[in-house]
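The values are calculated or read from the model by the stated rules, or taken from the named source; none is laboratory data. Nothing here was measured: the structure is a model prediction, and the numbers come from that model. For neighbour counting, all protein chains shown are included, and Cβ atoms are generated from backbone atoms with ideal geometry for every residue, glycine included. Just the protein is used for accessible areas: all its heavy atoms, side chains included, with ligands, DNA and RNA removed. Shrake-Rupley method; radii C 1.70, N 1.55, O 1.52, S 1.80 Å.
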Amino acid sequence: MVIDHAIELQLLNPDHRDELFELIDTNRAHLREWLPWVDANRSPADSEAFIASAIRQYESGKGPQYAIYYSAVLAGVCGFHPLDVTNRIGGIGYWLGEAYSGLGIMTSTVRTLVGVGFQRYDLNRIEIACASNNTRSRAIPERLGFRFEGVLREREYLYGKYVDHAFYSLLASEFPLEGASA
C-alpha cells in the first residue's frame, strides 16, 4: 500500500524477518524506553515468531500488521492490536527506528490505518494508548483529531516500573479526518 512518494506499507510476512530484527537490534535503546517487548526479541527467530502471530491475526480477520518502508528502507512497524469484531473496535500500535522519527512518517501511516479500520474493517471506534510521558507517540493521535479520553493509571509494567497510558479514540462518525494537521 503506497501512502506517498516515500512511504509504503507492506503486510508483514516471513521475508521481513532479518530486516525487522536488524532494525530492532540497532534501535534497542531507543525502543526500550517505551516498548516492553524489546528485550524478548533477541534473534531473527523472535522476529519470525512475531511475524507468524501477525499473519495469524490477519488471516483470522482480526486486523493487519504492516512493515513501514521509508525510501525503500524498513523504518518501523504499525498495525492493529487484535480487533474486537463484536464491538467493532480496533486499537492501533506503532513504532519507528530512531532515524525515522520526526519526519511525518507515522502521522501519514496512522492516518492511512484509520482509513483501513473504518473502511475495510467497518470499525466504529479506533483507540490509541501510549505512555503518558511519550510525547512523540501522543502527538500522533492529537495531530489526527483523536479525542483524549483520559489516563489509565499504571497501565503497563515497563522494565521494573509501572507507566500510565494516555488514552485516545476516534469514532467512525468523526471520520474522515477533516481539519487534522499534517
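For segment 78-117, the fraction of C-alpha pairs more than 13 angstrom apart is 54%. Shown is the FRET efficiency for Thr86 and Glu48, computed with R0 = 25 Å from the Cβ-Cβ distance and rounded to the nearest 0.05: 0.25.
Within 12 Å, Cβ to Cβ, of His81, how many net charges do the neighbouring residues add up to if Lys/Arg are +1 and Asp/Glu are -1? Neighbourhood net charge equals -1.
At a probe radius of 1.4 angstrom, the accessible area of the chain per residue rounds to 52 square angstrom.
Rg over Rh for segment 108-148 works out to 0.99, using Cα positions for both radii and the Kirkwood form for Rh. The mean of 1/r over all pairs of different alpha-carbon atoms in the chain, once inverted, gives a Kirkwood hydrodynamic radius of 16.7 Å.
Split the accessible area of the chain by element, probe 1.4 Å, and carbon with sulfur accounts for 48%. In this structure Asp15 has an accessible area near 140 Å², from a 1.4 Å probe over the protein heavy atoms.
Among the chymotrypsin sites (Phe, Trp or Tyr not before Pro) found in segment 104-182, those both in a DSSP coil and sparsely packed, with 16 or fewer other Cβ atoms within 10 Å of their Cβ, are Tyr159. Compared with the alpha-carbon gap, the fully stretched path from Arg32 to Lys62 is longer by 8.2 nm at 0.36 nm per residue. For segment 43-55, backbone phi angles converted through the Karplus equation (6.51, -1.76, 1.60; θ = phi - 60°) give residue-by-residue couplings of 7, x, 5, 5, 5, 4, 5, 4, 4, 4, 5, 5, 5 Hz, Gly and Pro being listed as x.
Just the number, please: Stokes-Einstein D of segment 49-130 in µm²/s, Kirkwood Rh from C-alpha pairs, 20 °C, 1.002 mPa s. Working shown, then result.
Values: Rh = 13.1 Å.
Here the translational diffusion coefficient equals 163 µm²/s.
Rank Thr86, Thr107, Thr135 by mean-square fluctuation in a GNM of the chain with C-alpha springs under 10 angstrom and give only the top-ranked residue. Of Thr86, Thr107, Thr135, the Gaussian network model singles out Thr86 as fluctuating most.
Across segment 115-123, rounded Karplus estimates of 3J(HN,Hα) from the backbone phi angles (6.51 cos²θ - 1.76 cosθ + 1.60, θ = phi - 60°) give x, 4, x, 6, 8, 7, 9, 6, 6 Hz, Gly and Pro being marked x. Structural descriptor for the chain: relative contact order 18 percent, calculated from alpha carbon pairs under 8 angstrom and at least 6 residues apart.
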